[in-house]
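The values are calculated or read from the model by the stated rules, or taken from the named source; none is laboratory data. Since this is a predicted model, take the numbers as computed values, not measurements. Cβ placement follows ideal geometry from the backbone for every residue including glycine, while neighbour counts extend to all protein chains displayed. Accessible surface is based on the protein model in full, side chains and every heavy atom, while ligands, DNA and RNA are left aside. Shrake-Rupley method; radii C 1.70, N 1.55, O 1.52, S 1.80 Å.
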Protein chains: 2
Amino acid sequence: MNGAESLVHTLLASGIDTVFANPGTSEMHFVAALDRIPGIKCVLCLDETVVTGAADAYYRVTGRPAATLLHCGPGFANGIANLHNARRARSGVVNIVGDQATYHRPLDAPLTADTEGLAHAISAFTCRSTSSAEVGRDAARAIEAARRYPGQIATLILPADTAWEEGGVVARPAPPAPPEPVPEAAIAAAAALLRNGKPTMLLLGGKAMDEAPLLEAWRITQHAGAKLLLERSPARLPRGRGRVPAERIPYPVDQGIAAFAGIEQLILVNTQNPVSFFAYPGKQGHLEPVGCEIFTLSTPEQDGPAALAALRWDLGAPESAPPDDGRRPAPPGGGVTPEGVAQCLAALMPEDAIIIDEAISYGRGFFPGTRAAPPHDWMMLTGGAIGDGIPLAVGAAVGAPGRRVIALQADGSAMYSVAGLWTQARERLDVTTIILANRKYAILLGELAGVGANPGRTALDMMELSNPVLDWCQLAGGMGVPAAQAGTLEELGALLAESIARKGPFLIELLV
Amino acid sequence: MNGAESLVHTLLASGIDTVFANPGTSEMHFVAALDRIPGIKCVLCLDETVVTGAADAYYRVTGRPAATLLHCGPGFANGIANLHNARRARSGVVNIVGDQATYHRPLDAPLTADTEGLAHAISAFTCRSTSSAEVGRDAARAIEAARRYPGQIATLILPADTAWEEGGVVARPAPPAPPEPVPEAAIAAAAALLRNGKPTMLLLGGKAMDEAPLLEAWRITQHAGAKLLLERSPARLPRGRGRVPAERIPYPVDQGIAAFAGIEQLILVNTQNPVSFFAYPGKQGHLEPVGCEIFTLSTPEQDGPAALAALRWDLGAPESAPPDDGRRPAPPGGGVTPEGVAQCLAALMPEDAIIIDEAISYGRGFFPGTRAAPPHDWMMLTGGAIGDGIPLAVGAAVGAPGRRVIALQADGSAMYSVAGLWTQARERLDVTTIILANRKYAILLGELAGVGANPGRTALDMMELSNPVLDWCQLAGGMGVPAAQAGTLEELGALLAESIARKGPFLIELLV
C-alpha cells in the first residue's frame, strides 16, 4: 500500500466520503488511489475557491468535514479566501495539498512556494508528511483537528513521494470529542444576570443558533424580558414557519451600535464580543454601549446548546412556542424591490430549502419578509471574503441532495467564483441562483459616502460594473447552466417556480 | 495631507502611474485620494488574480512596476498565485493591501486575517505601516524593493487609519540601482571553459534573454561551438525575424534531461540550476548529466548582459547576425494541429506583437513554427500557477498600447481568471485571445500516464472538461468581448486577421 492509498483508506475509515477537487500533477498518485479504491465521491471544480467554499457549505449542512484536493502552494492560495469564510463559519475542512517531493523541494522548481507558510496563515492545524509511513497517521490527526468542536481548518501537505512510496499505514482517528461543558457556575451567573432587572441581551453564535438552542434562548429572553440577537452572518440558521424570529447584528456600523442601545448586560453564547465590521473615523469599534457588562456564558468551543437548556430550566421559563408568523404571502407583482424579492422567496421556496445569502447590500431586508416561509436553512457569507455564494451552493447541494438550494447572489461578488456554475451543471445540482444585478459595487459606494467622500470619475469607475454590462444568461449558458432574465417580480416568481419544479441548476438574472 | 494622499504622491513621484485595482472598504480613503490627485490610471479588475497577473505583465513589457490595490488578507490571498508567477518572472510589483485599522485589528472583526503571514509567504519585502506619518516612507521602501534588479514583489499593508489620518509625508525612493557587476574573474573563468574543448552549454534566464544579450550569447556559442538554451518559461523573450532562434528547456522530464545530454560544462547566466518541474519516481531531478560542471557566470541579480558582451569580446567572437529564418509562411489551411496554429500565427501576427503563451500541453511545438514571424515578444507562464494568460494579456495591453496582444490560452487554465475578459472589454484592450479548446486537462492525463496509472472513471472525471462543454463564445460575450468559433485553420486565420484589423478585444474559440 502506498501513501496515497493509506490516505484514501484513512479518509474512508473516518467516514469522509466526499472530496472537492482541483488536482494537479503532484496529486496524480492520490487520484490514481481514488480510482482504485471505491467509496469516495469526487467533485471536480474549475478553480480552488470553488473547492474550499463547497467544502465549507458541505460541513454546514452535514456537520461532517469533506476533504479538498489542492495543488501546491499557489493552488492552495487560490482557496484561502473561502477557507477564511469557513474558519469564520467554524466549519471543519480537511485540506489535502499535494506538493513537491521531499527531495525535489530543495531544488526550487518553478512551482515551489511557501506552502507551509500559506497553510499556517489560515489553518488551525498544519502538517507536512515526511514519509509514506506517516501519511495515514498525519491524515488521522488532520481529521481529528477538523472535527474538533465546532469545526476547524486542517491542512495536510502531501509531498509527491510520500504519496507514491510503499509503506503506507491506515490510521483511524479518535472519534469526535463532545464539546467542553459549560461550568454550572457560569449558568448560575447568567441566571443571576437575567434576574437582576437590568436591560440584558443574549447574543448567540455558532452552534447556539441551531434550532433547539435558538428556541431555548428565545424562551429565556421572553421569560426574562431580555433581548435576543444573533451573530451578523450565521453559518446556518434554521428559519421559517414555527421557528424563532430572531434578527442579526446589522452590518452598517450605526445600525449595529443602535441594536445594542440601552443594554447594560450582554451574555455571549458561543460567540465573541460584538464589533463593527470595519473601523470608521470617530466611531467606536465595539458595538455594546460603554460600560455594558459582557458575560461569556459559553465560548464557540463550549456546549452552549446544553447551557441554554440548563439556563431555561434554572430560570423556570416555560416551554413556549414562537408566535405564529402569519400567512405565507402570495407571490408579489410589480417592480423589483428588496421587500418584493423576500416576499417572492417566502411565497415560493419549497419546504426545507437551503438559502445561500451573498446578497450583500441588496439583501439587508430579506429577513423580515421571509419569516412566514416554510422551514428552511439560511447560510451567509461569514467572513466577508466575497465570492462564496456560488461555491457554497455547490457544497450545500452536494451535501444535502433532495433539498432545493436558492442562492441570492450579488453580481459583483459572483465574479470571484463564477466557475462554480460549471460544477453545478456537471453534477446536476438542484441550485437556483438569483443574480441580483445592480451592476455596481453598491456596498463600496456606501462605504465611500461613509468616509465623507463625494465620488469623482476615478472612484466611480472603480465601483460601477455597467461598462460593459455582465450578461449573466450568457455566462451561465457558457457553463451549461440554463438561465433567463427577470425584470419584474412576476417574472422572478415564474422563473423561480419553474426552476424549483425541475431538476438541476438554473440561473435567474434579476435586474434590480 | 492624509496618509492615503501621501501614498498617491509618493507613487507619482516615483513614476508609478498605473494601478490595477480590486478595492474594498478598507481602501476607500486611497480611492478618494486617487480621485482628488490626478495622474494615476486605475484599471478595475473583477478579481484579484487578474490584478496581480496584469501587474506582472505590465512590468515585463515596461520594466516599471505597477501598483496593485487589494483588500485585506483574503483579497491578497486571491492574488497570490499570480504573484507567484510574477516572482518567478522576476517582475517588480508594489502591492498595496488595505487592512483593518490599527486599533480595530485586535478586535478580530470578521474580515481580519493573517495578512502579514500571507504577504511574507510570497513577498521579498513586506511592511505594515503603523501611522499616517510613515506611509510615504514605507511606500518608498516598497517601491525601492520592487525595483531592485531584476524586480521583486513588495507588499505594503495599509491599515485604514494610517490612510485616513492627517500627517502624511511624501517620500521619494532612491532611484533604481544598476545590477551588481559580474567580477572579471568570472568572465575569464567562463572564457576558459569555452576554450577548453569540452562540450559546453550556455543556459540563459531573466534579463540575459533580452534581445542584445541573447544575441551576444548566440555569437559566443556559435564561435565556441557550444550549445545555447533558455529557461523553460521566459518572462519575455524577443523572437521572430532577425532574432536568435533559441530553444527552451522542454517541460517533459525525459526531454528535459535529453536537452542536456552529453554536456560536460554548463554556464549559467542570470538563472538557476536546471531542474525538472516535478519529481518522478526513479528519475533525476537535476537535468544536467551526472558529473557535469556547473559554473554560474551571473546570478539573476547580476549584470549578465554586460558579462555576455565582455565574454564575447574576450573570446574574440565576431559580431555576426543570426541566420535568415526563411520566408514568412503563408496562412495554412486544413485541420487544426499545433504546427498549423504556429504557422497561422507566423503568417498573420503584426509587427511587434506580444504573444502570451499559456497554451500548456498544446503549445509545446509553437516555437519552431514562429521563427520567421515579424519581430515580437513571447511571454510565458513562469511559475506554473495556471490561470495567468488572460491577466497577463490585460497587463501587457495596458503597458504597451498600440501593440497587438495575442494570447494562446488553454481552456482549463483560462477558467481560473476568466473575469479578466471583462477588463479587456472595459479598457478596450487590443487583445486577441485564442482559446485552445481541447476540453480536458490534457497535461494531467499525461502526468497520470507518467505515474504508470491506467485512468479509470474517477480519474478521467477529474480531467475531462466536456461535461458540460464550456461555450467560450457565450462566456466572452457575457463579459462584453466579441467572439467566434473556429474549427479549421482557414477559420482561425480569417478570425485572427479580422481581430488584428480592428481595435479592442476579440476571442477565438479554437476547437482542437
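Descriptive notes on the structure:
- Test: residue in region B:204-216 that is among the basic types (K, R), open to solvent by less than 50 Å² (accessible area, probe 1.4 Å) and within 30 Å of B:A346 (Cα to Cα): no
- For region A:31-133, the helices (runs of 4 or more DSSP H) that sit wholly inside it and include 2 or more residues that are more than 23 Å from the chain's Cα centre (by Cα) are A:72-78, A:115-122.
- Total residues in region A:486-509, condition surrounded by 15 or more Cβ atoms within 10 Å (Cβ to Cβ), of a type outside the set (S, T, Y) and closer than 19 Å to A:Q474 by Cα: 11
- Region A:451-460, residues that are buried (at least 18 other Cβ atoms within 10 Å of the Cβ) and not aliphatic (A, V, I, L, M): A:P455, A:T458
- Members of region B:362-384 found to be buried (at least 24 other Cβ atoms within 10 Å of the Cβ), in contact with a Gly (Cβ under 6 Å, 6 or more places away or on another chain) and part of a loop (DSSP other than H, G, I, E, B), listed by number: B:A373
- Residue within region A:35-50 that is in contact with a helix residue (DSSP H, G or I) (Cβ under 6 Å, 6 or more places away or on another chain), open to solvent by 10 Å² or more (accessible area, probe 1.4 Å) and over 22 Å from B:D461 (Cβ atoms) present: no
- Set A:G487, A:G477, A:G452, A:G456: member being more than 12 Å from chain B (Cβ to nearest Cβ) and of a type outside the set (A, V, I, L, M): A:G487
- Residue list for region B:74-123, restricted to those being open to solvent by 10 Å² or more (accessible area, probe 1.4 Å), of a type in the set (G, A, S) and within 9 Å of chain A (Cβ to nearest Cβ): B:A113, B:G117, B:A121
- Scanning region B:262-288 for residues that are in contact with a Cys (Cβ under 8 Å, 6 or more places away or on another chain) and in a strand (DSSP E or B), we see that the one that is surrounded by the most Cβ atoms within 10 Å (Cβ to Cβ) is B:L266.
- Remark: pairs (first residue in region B:332-357, of a type in the set (D, E) and surrounded by fewer than 24 Cβ atoms within 10 Å (Cβ to Cβ); second residue assigned to a loop (DSSP other than H, G, I, E, B) and at pLDDT below 95; Cβ separation under 7 Å; 6+ apart in sequence or on different chains) = B:E339/B:G365.
- Among the residues of region B:446-485, those identified as under 25 Å from the mean Cα position of the chain (by Cα) and at pLDDT below 90 are B:G446, B:E447.
- Put simply, of A:T162, A:T126 the only residue that is within 14 Å of chain B (Cβ to nearest Cβ) and open to solvent by less than 10 Å² (accessible area, probe 1.4 Å) is A:T162.
- Selection of region B:268-294 for residues being closer than 25 Å to B:I187 by Cα and either within 11 Å of chain A (Cβ to nearest Cβ) or among the acidic types (D, E) (or both) yields B:Q272, B:N273, B:P274, B:V275, B:H286, B:L287, B:E288, B:E293.
- Scan of region A:334-361 for residues that are assigned to a loop (DSSP other than H, G, I, E, B) and farther than 29 Å from A:L445 by Cα, ordered by number: A:M349, A:P350, A:E351, A:D352
- Elements of the type helices (runs of 4 or more DSSP H) sitting completely within region A:436-482 and holding at least 1 residues that are closer than 27 Å to B:D161 by Cβ: these cover A:442-450, A:457-461.
- Looking only at region A:289-301, and only at residues there that are hydroxyl-bearing (S, T, Y) and part of a strand (DSSP E or B), the one that is surrounded by the most Cβ atoms within 10 Å (Cβ to Cβ): A:S298
- For region A:416-425, the condition holds for no residue, the condition being that it is in contact with a Lys or Arg (Cβ under 6 Å, 6 or more places away or on another chain), surrounded by 24 or more Cβ atoms within 10 Å (Cβ to Cβ) and more than 9 Å from every other protein chain (Cβ to nearest Cβ).
- Tally of residues being at positive phi and either within 13 Å of another protein chain (Cβ to nearest Cβ) or hydroxyl-bearing (S, T, Y) (or both) across region A:1-33: 0
- Among the residues making up region A:483-502, a single one is assigned to a loop (DSSP other than H, G, I, E, B) and charged (D, E, K, R): A:R502.
- Region B:140-156 - residue that is within 24 Å of the chain's Cα centre (by Cα) and of a type in the set (A, V, I, L, M) and, of those, nearest to A:Y251 (Cα to Cα): B:L156
- Test: residue in region B:298-321 that is modelled with pLDDT under 95 and of a type in the set (K, R): no
Conditions tested, residue by residue: (1) over 25 Å from B:I249 (Cα atoms); (2) aliphatic (A, V, I, L, M); (3) in contact with a strand residue (DSSP E or B) (Cβ under 6 Å, 6 or more places away or on another chain); (4) not in a loop (DSSP other than H, G, I, E, B).
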{"position": "B:L158", "(1), (2), (3), (4)": "yes, yes, yes, yes"}
{"position": "B:D161", "(1), (2), (3), (4)": "yes, no, no, yes"}
{"position": "B:V182", "(1), (2), (3), (4)": "no, yes, yes, no"}
{"position": "B:A185", "(1), (2), (3), (4)": "yes, yes, no, yes"}
{"position": "B:G197", "(1), (2), (3), (4)": "no, no, no, no"}
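- The set of residues from region A:34-73 being more than 10 Å from chain B (Cβ to nearest Cβ) and basic (K, R) comprises A:R60, A:R64.
- Members of region A:388-419 that are small (G, A, S), out of contact with any strand residue (DSSP E or B) (no Cβ under 8 Å at 6 or more places or on another chain) and closer than 17 Å to B:V418 by Cα: A:S417, A:A419
- Residues that are more than 10 Å from chain A (Cβ to nearest Cβ), in contact with a helix residue (DSSP H, G or I) (Cβ under 7 Å, 6 or more places away or on another chain) and crowded, with 24+ Cβ neighbours inside 10 Å, drawn from region B:433-449: B:T433, B:I435, B:L436, B:A437
- Being more than 22 Å from A:G363 (Cα to Cα) and either surrounded by 17 or more Cβ atoms within 10 Å (Cβ to Cβ) or out of contact with any strand residue (DSSP E or B) (no Cβ under 6 Å at 6 or more places or on another chain) (or both) holds for only one residue in A:G256, A:G304, and it is A:G304.
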